[in-house]
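Accompanying notes for the structure given below.
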Amino acid sequence: MKLVEIKIEELTGESFKPYGEIIDVPNTKPDFSNDELDLWCGIDEIKIDKGVGQFCWLNVKSRRPFVCNNFECHINTSEAMIPVLGQSVVVVALPDNNSVSSNLPDPKSIKAFFVDGSKGFNFKPRVWHWLPYPLSRRASFILLFKKGTPEEDLQIINLNEKFDLSVKIVL
């Protein structure tokens, strides 16, 4: 089996752009501001083909080896992850548009991003990803995606079986 090492990158708007958008305080004037608050509306959108979006809470309970053997994706919806506890690493890959089955990741596009807890991110539809790897004892996230996504729009692949590949995350 082939082992590919990927080095963790900083999570910035530019570095994450092919995979989705960063959810962070905009670098613009607030839509509403007073002595008590600054409010920016519409900083990003959840992409849903039809239906209703839902908020979910995700606890990643423990640290595990920094080796990624699986990926998941959603064809019809984006998925936003907003950290609320801890720091972690998220591993992503773009869809392989040149494959016979366009529902596979492109192994050459695999990246790992450091999530410091100060901003979230929104995966584009069809972007492959996996459960974040906590750097602290655990990590928690608010997830936002289309209601029913885990039951109706979830594809999971094993990288070992599909590509004879494992991804080692290098800190």
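The values are calculated or read from the model by the stated rules, or taken from the named source; none is laboratory data. Predicted, not measured: the structure shown is a model, and the values here were computed from it. Neighbour counts are summed over all protein chains in view; Cβ atoms, including those assigned to glycine, are modelled from backbone coordinates with ideal geometry. Accessible surface is based on the protein model in full, side chains and every heavy atom, while ligands, DNA and RNA are left aside. Shrake-Rupley method; radii C 1.70, N 1.55, O 1.52, S 1.80 Å.
Listed by position, the strands (runs of 3 or more DSSP E) contained in the stretch 54-165 that have at least 2 residues being more than 22 Å from D44 (Cβ to Cβ) are 70-73, 155-158.
Annotation note: Cβ proximity below 7 Å between a residue of the stretch 153-171 that is over 16 Å from P132 (Cα atoms) and a residue that is basic (K, R) and surrounded by 15 or more Cβ atoms within 10 Å (Cβ to Cβ) (sequence gap 6+ or interchain) occurs for D153/K146. Considering only residues in the stretch 3-14 that are over 26 Å from K162 (Cβ atoms) and touching a strand residue (DSSP E or B) at 6+ places or on another chain (Cβ under 8 Å), the one that is surrounded by the fewest Cβ atoms within 10 Å (Cβ to Cβ) turns out to be E10. Against the definition (within 21 Å of E152 (Cα to Cα) and surrounded by 15 or more Cβ atoms within 10 Å (Cβ to Cβ)), how does P95 come out, yes or no? Against the criterion (within 21 Å of E152 (Cα to Cα) and surrounded by 15 or more Cβ atoms within 10 Å (Cβ to Cβ)), P95 qualifies. Inspect the stretch 20-31 for any residue being small (G, A, S) and either within 15 Å of L131 (Cβ to Cβ) or surrounded by 13 or more Cβ atoms within 10 Å (Cβ to Cβ) (or both) and give the result as yes or no. For the stretch 20-31, residues small (G, A, S) and either within 15 Å of L131 (Cβ to Cβ) or surrounded by 13 or more Cβ atoms within 10 Å (Cβ to Cβ) (or both): present. Within the stretch 91-100, identify whether any single residue is among the hydroxyl-bearing types (S, T, Y) and over 22 Å from L171 (Cβ atoms), and answer yes or no. Yes, because at least one residue in the stretch 91-100 is among the hydroxyl-bearing types (S, T, Y) and over 22 Å from L171 (Cβ atoms). Please state which one of V25, V4 is farther than 26 Å from P150 by Cβ and at pLDDT 90 or above. So the residue among V25, V4 that is farther than 26 Å from P150 by Cβ and at pLDDT 90 or above is V4.
Considering each residue of the stretch 130-151 in turn, none proves to be open to solvent by 70 Å² or more (accessible area, probe 1.4 Å), under 16 Å from the mean Cα position of the chain (by Cα) and under 25 Å from N98 (Cα atoms). Within the stretch 49-64, is there a residue that is open to solvent by less than 60 Å² (accessible area, probe 1.4 Å) and among the small types (G, A, S)? Yes, there is a match, as at least one residue in the stretch 49-64 is open to solvent by less than 60 Å² (accessible area, probe 1.4 Å) and among the small types (G, A, S).
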